[in-house]
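Worksheet: the structure to be examined is printed underneath.
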Amino acid sequence: MCSQPSRVYLDNFALTAPAPTPPSFTWQTVDATGIAEHSYVLDRSTDTAPDAQPEGKEAKALLPQPSEPGQWFFHVRSRDGAGNWGRTAHYPY
Ligand SMILES: [Ca+2]
């Protein structure tokens, strides 16, 4: 009796790399008047100042994956309880 080798036919499949982790940032700020909110942006420039439109009160950002690979920079600044915007911090990503 002759045994037949096993055969498997595959169609419509792809090998892919693991999905990259979306950029996630956390930071800490302190001020005697408290911290009211934060503004941030991720871009290609080294020295962008985020606009005066706050993204929220939480000191964290979970952003979509950048559209292109390479060097990006996260920029963040915070507004204190008296309404003053602080200096911008820049982080390479
Ligand atoms: Ca903003």
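The values are calculated or read from the model by the stated rules, or taken from the named source; none is laboratory data. None of these values were measured; they are calculated from a predicted model. Using ideal geometry, Cβ is built from the backbone for each residue, glycine included, and neighbour counts are taken over all protein chains shown. Areas reflect the complete protein model, heavy atoms only, side chains present, ligands, DNA and RNA absent. Shrake-Rupley method; radii C 1.70, N 1.55, O 1.52, S 1.80 Å.
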Got a sec? Which residues in segment 42-67 would a label at Ile35 touch, if it sits 7 Å along Cα→Cβ and we count backbone N under 16 Å?
-> 50, 54-62
Once amide H atoms are built 1.01 Å from N in the peptide plane, which residues 5 or more positions from Glu37, or in another chain, come under 5 Å H to H?
-> Arg79
Given the peptides 51-60, 35-44, arrange them by the average over their residues of other C-beta atoms within 10 Å, most packed first.
-> 35-44, 51-60
Using the heavy atoms of the protein chains alone and a 1.4 angstrom probe, what is the accessible area of the chain per residue in square angstrom?
-> 78 Å²
Rg/Rh for the chain: what does it come to with C-alpha atoms and Rh from Kirkwood?
-> 1.42
